[in-house]
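> Okay, here's the structure, questions in a sec.
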Amino acid sequence: MKRAIYPGSFDPITLGHLDVIRRASFMFDELTVCVLDNKAKTSLFSVEERVKMITDATADLLNVNVDYYSGLLIDYAKQNNLHIAIRGLRAVTDFEYELQIAQTNKELSNGSLDTVFLTTSLEYSYLSSSAVKEIAAFNGDISKFVTPEVCKLLKEKYKR
Ligand code: ADP
């Protein structure tokens, strides 16, 4: 069985992430979307909130499951016997950063974890969680970037 993991912050999940998830779910028998609790980053949504948003948004994809982990991706992958990580590439600017992470993970895992890159669908190439949060913070229209549920949750966050 071909299994893969799509790790990230997903703070919050955008239609760009969902596009990658959908396409990866067609390529693999089982896909785990894993919210990595990165202590170096301050997040708007809690890990539980992010897991719930992803679970709801991927409910129609039967081979996709959602999990979270506070630690290194390679450790989660080892514990769960996973050998392929999916990452998305939007623009050339993503490449250098992603290449560094991919090579580090390969090295740290003693060659056990490979990274497969999916290039973004053009309509989402400009889309990032940070941009969505910035627009939402100023009460801008984010309905084209996230699911209606995430849109609602973002509005609630910034109302406070
Ligand atoms: P991280 O904090 O680990 O970079 P993100 O949640 O920002 O996590 O992104 C997770 C992955 O999804 C990264 O590989 C990122 O490049 C990719 N990604 C983010 N937005 C998009 C998008 N609009 N299209 C394709 N891939 C994307």
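The values are calculated or read from the model by the stated rules, or taken from the named source; none is laboratory data. Because the structure is a prediction, the values reported are computed rather than measured. Cβ: placed from backbone, ideal geometry, glycine included. Neighbour counts: every protein chain shown.
> Given the conditions (1) within 14 Å of the ligand (Cβ to nearest atom); (2) of a type in the set (D, E, K, R); (3) at pLDDT 95 or above, which single one is not true for GLU48?
Of the numbered conditions (1) within 14 Å of the ligand (Cβ to nearest atom); (2) of a type in the set (D, E, K, R); (3) at pLDDT 95 or above, the odd one out for GLU48 is (1).
> Next question, about the same structure. Take VAL64 and tell me if it is β-branched (Val, Ile, Thr) and modelled with pLDDT of 95 or more.
Numbers: β-branched (Val, Ile, Thr): yes; modelled with pLDDT of 95 or more: yes.
Yes, satisfied.
> For segment 1-81, which fully contained strands (runs of 3 or more DSSP E) count at least 3 residues that are in contact (Cβ under 8 Å) with a residue 12 or more places away in the chain and crowded, with 20+ Cβ neighbours inside 10 Å?
By residue number, 3-8, 30-36.
> Checking LYS106 against (1) of a type outside the set (Val, Ile, Thr); (2) in a helix (DSSP H, G or I); (3) touching a residue at least 40 places away in the same chain (Cβ under 8 Å): exactly one of these is not met. Which one?
Looking at each condition in turn, LYS106 falls short on (3).
> Considering only segment 9-38, state which residues are within 12 Å of the ligand (Cβ to nearest atom) and charged (D, E, K, R).
ASP11, ASP19, ARG22, ARG23, ASP37 - these are the residues of segment 9-38 that are within 12 Å of the ligand (Cβ to nearest atom) and charged (D, E, K, R).
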